[in-house]
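Undergrad: First the structure, then my questions, so here it is.
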Amino acid sequence: AQQPGTPLSDQEYREFFRSLRAAHRASTACLLRAMYGCQNPLVQRLDKYENHGVIPEGPICSELPGTPSFPDFCTFSFYRCIRKRYFIKV
């Protein structure tokens, strides 16, 4: 265990900033989604990337307690963006 007040090790810094960069990228994708909508080619490319090449159709089931489904992936993605729950999966 590290002493309180000492800097993180190189490995600890990598882990710390890895999560910050991921959240920053997700919030940037949310900004694009809010500005251009789900029909924008760049947003669609991100959605396809997140879903192994295919944007899911129809109702989307989620791991969110109290919000088990959404009418489509676009609505689900907007909800994640609004709630800043970027990495909730379907």
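Undergrad: List pairs: first residue in the range 49-74 and free of Cβ contacts under 8 Å to residues at least 24 places away in the same chain, second residue among the β-branched types (Val, Ile, Thr) and exposed (fewer than 14 other Cβ atoms within 10 Å of the Cβ) anywhere in the structure, Cβ distance under 7 angstrom, at least six positions apart or on different chains.
TA: Pairs found: none.
Undergrad: I'd like the full set of residues that are open to solvent by less than 90 Å² (accessible area, probe 1.4 Å) and among the aliphatic types (A, V, I, L, M), limited to the range 21-47.
TA: At the first step, the residues of the range 21-47 found to be open to solvent by less than 90 Å² (accessible area, probe 1.4 Å) are 22-23, 26-30, 32-34, 37-38, 40, 42-44, 46-47.
Correct list: Ala22, Ala23, Ala26, Ala29, Leu32, Ala34, Leu42, Val43, Leu46.
Undergrad: Out of all the residues in the range 38-45, is one or more modelled with pLDDT under 90 and not in a helix (DSSP H, G or I)? Break it down stepwise before answering.
TA: Taking the range 38-45 and keeping what is modelled with pLDDT under 90, we get none.
No, the range 38-45 contains no residue that is modelled with pLDDT under 90 and not in a helix (DSSP H, G or I).
Undergrad: For Phe78, all conditions in the list (1) free of Cβ contacts under 8 Å to residues at least 40 places away in the same chain; (2) surrounded by 14 or more Cβ atoms within 10 Å (Cβ to Cβ) hold save one; what is the number of the exception?
TA: The one condition Phe78 does not meet is (1).
Undergrad: Here's a follow-up. So, in the range 48-60, of the ones that are open to solvent by 40 Å² or more (accessible area, probe 1.4 Å) and hydrophobic (A, V, I, L, M, F, W, C), which residue ends up nearest to Arg80 (Cα to Cα)?
TA: Here the answer is Ile55.
Undergrad: Scan Pro71, Pro7 and give me the residue that is out of contact with any strand residue (DSSP E or B) (no Cβ under 9 Å at 6 or more places or on another chain), open to solvent by 70 Å² or more (accessible area, probe 1.4 Å) and not β-branched (Val, Ile, Thr).
TA: Pro7
The values are calculated or read from the model by the stated rules, or taken from the named source; none is laboratory data. Given the structure is predicted, the values throughout are model-derived calculations rather than measurements. Note: ideal-geometry Cβ built from the backbone for every residue, glycine included; neighbour counts use all protein chains shown. Note: areas computed on protein heavy atoms with side chains; ligands, DNA, RNA excluded. Shrake-Rupley method; radii C 1.70, N 1.55, O 1.52, S 1.80 Å.
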